[in-house]
Each structure stands twice: as C-alpha cells, then as structure tokens.
Amino acid sequence: MSTVCLTLRSLWCAAGALLICVAVQNVVAATPSTATAYPARPIRMIVPFAPGGGADMMARTITVRYTETWGQPVIVDNRAGGGGNIGTDIVAKAPADGHTLLFNTNATIVINPHLGKISFDPIGDFAPVTQAAVLPFALLLHPTVPAKSVAELVSLVRAKPGEFNYGSSGSGGGAHLAGESLRMMAKLSMTHVPYKGAAPALVALLGGEIRFMFVSILTATPLIDSGKVRVIGVSSKKRSPSLPNIPAVAETPGLAGFESDLWYGLLAPAKTPPAIVDKLYQETRRILLLPDVRNRFEPSGTNIVGNSPAEFAKIIKDDFARWGGVIKAAGLKVE
C-alpha cells in the first residue's frame, strides 16, 4: 500500500510541476515587455550630445519613423556633458524594457573608458542593437587661417608653437583623437579646446575662438557649402565620395596611415529581452535603408550600415581593444 501511495504522490507532484510551468509560460507570454506588445508606452531615445550634431540629426530621423510605424511617441532627449558619459550613464541604469534607448558614438562607448573614470560598463551595461552609420571627419579651418592644405597648416602650427588651438565636440571624442593623432604624427605644439557637442564647437570656430577642428562630414556639409569655413582634408584612408576634390589627411607627406572615423549606433540597456532588441534592429534597419533616408545622409559622406546586434557587438569589442592600445601608447588623458 505504501508503494502505491508513493507512486500516486509522485504522479501528483509531476502534474503539479507541469501546471506551474504552463502557468509561468502563459504569464511570460502575456507580459507587456514581449515584442508583440512593444512599445507599450512612449519611448525616450537619449542622445548624449547637444542638439544639432550628426548623431542628433540621425536619431531624429529614426525616431520620426518609429512613431509612424508603432503609433507611440518617440522623443529625442539630448543629455550633453562629460563627453557623452552623462547621457550614457542614464541609459545604463534605465529599466531594460526597451522604452529608454541610447543613440551614441564610438567616442563614448569605446574611447572614453580608456581616458578616465566612468560610471558605466561600456560592454556589460548595454545590449547593442545596430551600428547605424560610419563617416569620416572633415578638417575645417576658420577663414582667417592662411592655409590651403594640411601641409600648409602643419607648417603654420610648427612656426608658432603653442599659439594655435583646435576644438572638438568633447574631450576623448573621435574628433579629439583625430586632432591628437595629427598633433602626434606631425609633432606639433597646439592646444585642445573641448566643447559640449559638435554644434557649440562649430559656433566657436565661426566666431574665431578656435582656429580649426575635426568634425563629421555630415555635420560640416552645410557650413562647407555656405563657404563659411574652409575644408582642407578628410580623416578616412581615401577621399570621401561626397568631397572628391578634398584630399585625405593621409595623402600629406609624413602623415601616411592617418585614419580616424566616427560611427553612430543604437543601444539598449543590458538584459533588454532579445525579442525587443530584434524588433528594434529590424525596424531601424528598415528605416536606414529607406531611399529618402539614404539620399539625405549618403551625399554628405555617411556610410549607412544597419548590421545585426551580434555584428555590432563584435565591432564594439574590437574597437574597444584597438583604441585602448592607441590611447595607452599615446598617454592621452581627459582634460
């Protein structure tokens, strides 16, 4: 009799466990964080830079289409400061439900961590969604700088050590490292002046507060077209199709091998459900490949990407290691 009771008890336990599993699965399936119900409320996309820069422009282009597709408001929230670290930290600590997103640059994710103390883990605190675009920097001069080429600029700075300053969108950013690479490769003495975003830096350039700067071609194009600044080089290995008559900095004698670029990418907080990450990836890629979006960005030197979360994650890890080695060798620190 005892054996029969034990058998019945085992069967009841097994049935109970099966019912619990089914109930849990049903609850999970009904949770509003699943891709089917996402987004369940307005989305905030944080851009950790001032309005008007290239990252801000692309983020706003994407968010408008999100709203059209999903019927939920998607707001760009500019949180400038700390070279992008302030806004990035907000997303790192946000709920992992896909309703707080980060549209960032390689500067904050793979460069800043090597330059000083940060309050987030650039690898562990985020779920990569997609690398949106890659673009080179343009080297812009204030019109009063009497240089028509990179070689002439190098000669001017060498002739007056310490008297020339250059600006960037923030300490430790890609534009800053492009300037520092030029300084080290050409053995120049010049001063870096950081700003809270590309737009404030460009205002300073136009006002003569700084003499020259590197900035993404996307951001620089309107000023180049207006003739308010002079462009003398691009930071890619080869010339940009959008500026075919402007040489690459690497074409300058003594600067062979010079290369620095900027990428934009979409990330979510770590542990965001994979189904939501995939939904964000699929919709973002669709938007990036729209003809009107490509026609807006590609003529200004932007290379649209839209790769998978796994591919983007590998790029982040590889770039993190690469720039870490460069920064260590150069002994760079945030000013």
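Each reported figure results from applying straightforward, stated rules to the coordinates on display, with no laboratory input. None of the values given here were measured: they were computed from a predicted structure. No Cβ is skipped: glycine too gets one built from the backbone with ideal geometry, and neighbour counts run over all protein chains shown.
Laid out as a table, the results:
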item	result
Sequence-separation-based contact order of the chain, relative, with Cα cut under 8 Å and 6+ spacing, percent	24
Tensor-based shape of region 33-107 (alpha-carbon gyration tensor, a/c under 1.5 rounded, otherwise prolate or oblate)	oblate
Between region 269-313 and region 143-179, the alpha-carbon center distance in angstrom	34
Exceeding the 23 Å Cα-Cα cut-off - candidates 93/117; 117/160; 117/187; 148/237	117/160; 117/187
Under the span-like rule (Cα at least 30 Å along the axis, Kyte-Doolittle mean at least 0.5), DSSP H helices of the chain	2-30
Segment residue 326-residue 36, extension gain: residue separation times 0.36 nm, minus the distance between their alpha carbons	100.0 nm
Computed helical MRE - 222 nm, the chain, DSSP H runs ≥ 4 contributing -39500 (n - 2.57), nearest 500	-13500 deg cm²/dmol
Cα gyration tensor category, rounded, prolate or oblate, for region 90-135 with a/c compared to 1.5	oblate
Label-point gap, in nm, between residue 60 and residue 292 - each point 7 angstrom along Cα→Cβ	1.6
Antiparallel DSSP beta bridges within the chain, as percent of all bridges there, nearest 5	60
Difference of contour (0.36 nm per residue) and Cα-Cα distance, residue 72 to residue 86	2.5 nm
Choice from 290, 206, 182 showing the highest fluctuation, given a GNM over the chain with Cα pairs closer than 10 Å	290
Cα shape, region 136-251, gyration tensor, a/c 1.5 rule	rounded
Debye intensity ratio I(q)/I(0), log10, the chain, q values 0.07, 0.08, 0.13, 0.15 Å⁻¹ (C-alpha model)	-0.34, -0.42, -0.94, -1.19
Relative packing of peptides 259-272, 63-76, 139-152 - highest average C-beta neighbours within 10 Å first	259-272, 139-152, 63-76
Region 86-166 - Rg and Dmax from Cα coordinates, angstrom	19.2, 56
